[in-house]
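J.: Right, I'll just put the structure down here and ask away after.
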Amino acid sequence: MTRTVKLGSLKIGAKYPVRIKGMLKSPYSNIDTLIKEAKLLEKEGAEALRMAIKEERDVKLVLLLKKEITLPLVADIHFHYRFALKAIEGGFDGIRLNPLNITSKKEVTRVVCAAKAHKIPIRIGINSGGFKRSFGSPESQAKEMVSVVGDYLKILEKENFFDIMVSLKGSDVRTTAIANEFFAKKFDYPLHLGITATGTFLNGVVKSSIGLGGLLSKSIGNVIRVSLTAPSYWEIRIAKQILAALSLRKLGPEIISCPTCSRCEVDLIKIVDKFDKALLQSHLEKPLHIAIMGCVVNGPGEARQADIGVAFGNKKAVVFKKDKIIKQTDEKNIITDLFKEVERL
Ligand code: SF4
């Protein structure tokens with residue numbers, strides 16, 4: 001059973017839902033863009049946000065952001081322990097320390113004492129890319145990551161400080177999975193999961209889904225952060241989808257659509273894409289299943305099992321609500337007609 005940690009008003013631990021963390025990516029030189037991004041991530045469903053602190057003046061942004069959003073803000077600190085002290089005093093709800101680049105016990109102890117005084121948690125966040133040497137296998141790297149974190153934990157615990165979260169991120173799924181599984185067997189601190197430096201959008205989605213999904217399905221992980229080389233709102237959307245796929249989170253309406261084959265006589269890919277966009281824009285929150293199926297082979301069956309569904313055939317579209325046919329329409333009008341029925345549910 002993992003401990004509970006409080007990040008602002010957000011409780012994190014075994015008794016609470018898996019939380020979604022986002023990252024602010026806008027340049028700090030443009031405050032309006034930064035605020036816009038933070039608001040968007042809050043609207044998309046982020047429950048905490050992290051921001052990199054590269055210089056002392058970055059710390060001041062926390063107060064500006066706190067006027068605009070209600071999410072807890074975490075300062076991401078590397079190399080300079082003094083930035084951590086400034087971030088704690090400046091109003092951040094949590095800080096992340098990298099055990100591979102803030103290594104002096106004296107400096108870490110000063111940060112821990114400040115965090116304790118301000119009652120804020122520290123995440124010890126190690127990334128595989130932070131090592132200055134290479135490893136023979138994902139296992140050996142994962143073990144070294146856990147060993148480094150274990151030694152760092154002793155510095156914090158020596159000060160009777162236990163408001164700790166840990167992350168062990170590799171740029172590959174295996175290293176990340178082994179490190180987190182190994183850590184979870186030995187320690188009871190909440191884990192923030194992520195795969196770092198995931199590559200292209202598609203690689204990132206696949207690696208995050210397998211890596212985070214695999215660990216979550218073993219009940220390992222309390223916070224997830226999807227990292228993509230893509231706009232930050234995608235990271236929140238993918239994180240929500242991962243949790244929904246594991247039934248750890250209820251999303252709004254979910255489309256169930258077939259992959260199409262030569263039996264399909266309509267442009268189903270386009271129809272599903274258009275309908276998905278309409279749903280996104282509508283901000284409907286009802287957890288409905290909407291089936292959109294290409295033909296009569298599996299179409300009526302799937303459509304009947306959903307809350308509402310459509311099956312195409314002979315260029316016609318038959319709309320089902322549970323067991324009943326409620327409408328017949330066509331390819332041209334299906335988006336509008338189906339949407340009207342969804343809104344009525
Ligand atoms: S529902 Fe019909 S069109 Fe879609 S994949 Fe199955 S057989 Fe093909």
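J.: How about the stretch 188-287: which helices (runs of 4 or more DSSP H) wholly inside it have at least 2 residues that are in the same structural domain as residue 163 (by TED's automatic domain parsing)?
T.: 201-217, 232-245
J.: Do we have residue 292 as away from the ligand (no atom under 13 Å from the Cβ), assigned to a strand (DSSP E or B) and touching a residue at least 12 places away in the same chain (Cβ under 8 Å) here?
T.: In short, no.
J.: In the stretch 198-212, is there at least one residue being crowded, with 20+ Cβ neighbours inside 10 Å, in contact with a strand residue (DSSP E or B) (Cβ under 8 Å, 6 or more places away or on another chain), at positive phi and not β-branched (Val, Ile, Thr)?
T.: So far as the stretch 198-212 goes, no, none of its residues is crowded, with 20+ Cβ neighbours inside 10 Å, in contact with a strand residue (DSSP E or B) (Cβ under 8 Å, 6 or more places away or on another chain), at positive phi and not β-branched (Val, Ile, Thr).
J.: Taking the stretch 211-229 as the region of interest, how many residues are over 13 Å from the mean Cα position of the chain (by Cα) and at pLDDT 95 or above?
T.: Residues flagged as over 13 Å from the mean Cα position of the chain (by Cα) and at pLDDT 95 or above within the stretch 211-229 amount to 6.
J.: Please identify the pairs in which a residue from the stretch 6-30 that is in contact (Cβ under 8 Å) with a residue 12 or more places away in the chain has its Cβ atom under 6 Å from the Cβ atom of a residue that is among the basic types (Lys, Arg) and part of a strand (DSSP E or B), counting only partners at least 6 apart or on another chain.
T.: Close Cβ pairs (under 6 Å, with a partner that is among the basic types (Lys, Arg) and part of a strand (DSSP E or B)) amount to 12/19; 23/50.
J.: Go through 53, 69, 102 for me and flag whichever is under 24 Å from the mean Cα position of the chain (by Cα) and either closer than 26 Å to residue 145 by Cα or among the small types (Gly, Ala, Ser) (or both).
T.: Numbers: 69 fails: either closer than 26 Å to residue 145 by Cα or among the small types (Gly, Ala, Ser) (or both); 102 fails: under 24 Å from the mean Cα position of the chain (by Cα).
Just one listed residue meets the conditions, 53.
J.: Any idea which of (1) under 21 Å from residue 93 (Cα atoms); (2) crowded, with 24+ Cβ neighbours inside 10 Å is the one residue 180 doesn't satisfy?
T.: If we test residue 180 against (1) under 21 Å from residue 93 (Cα atoms); (2) crowded, with 24+ Cβ neighbours inside 10 Å, just (1) comes out false.
J.: Would you pick out the residues in the stretch 295-304 that are among the aliphatic types (A, V, I, L, M) and either more than 8 Å from the ligand (Cβ to nearest atom) or in a helix (DSSP H, G or I) (or both)?
T.: The answer is 303, and nothing else.
J.: With the requirement that a residue be among the charged types (D, E, K, R), farther than 28 Å from residue 39 by Cβ and either surrounded by 20 or more Cβ atoms within 10 Å (Cβ to Cβ) or within 16 Å of the ligand (Cβ to nearest atom) (or both), what does the stretch 213-270 give you?
T.: If the condition is that a residue be among the charged types (D, E, K, R), farther than 28 Å from residue 39 by Cβ and either surrounded by 20 or more Cβ atoms within 10 Å (Cβ to Cβ) or within 16 Å of the ligand (Cβ to nearest atom) (or both), then 263, 265, 267, 270 are the ones that fit.
J.: Being crowded, with 24+ Cβ neighbours inside 10 Å and either assigned to a helix (DSSP H, G or I) or among the aromatic types (Phe, Trp, Tyr) (or both) is the filter here, so list the residues in the stretch 305-320 that pass it.
T.: Once the filter is applied, which keeps residues that are crowded, with 24+ Cβ neighbours inside 10 Å and either assigned to a helix (DSSP H, G or I) or among the aromatic types (Phe, Trp, Tyr) (or both), the stretch 305-320 yields 312, 320.
J.: Name the residues in the stretch 72-93 that are under 24 Å from residue 147 (Cβ atoms) and crowded, with 17+ Cβ neighbours inside 10 Å, would you?
T.: Passing the criteria: 76, 77, 78, 81, 84.
J.: In addition: Would a scan of the stretch 272-279 turn up a residue that is more than 11 Å from the ligand (Cβ to nearest atom), farther than 23 Å from residue 323 by Cβ and in contact with a helix residue (DSSP H, G or I) (Cβ under 6 Å, 6 or more places away or on another chain)?
T.: yes
The values are calculated or read from the model by the stated rules, or taken from the named source; none is laboratory data. Predicted model only: the values in this text are computed from it and were never measured. Don't worry about glycine lacking a Cβ; one is built from the backbone with ideal geometry, like all the others, and counts go over all protein chains shown.
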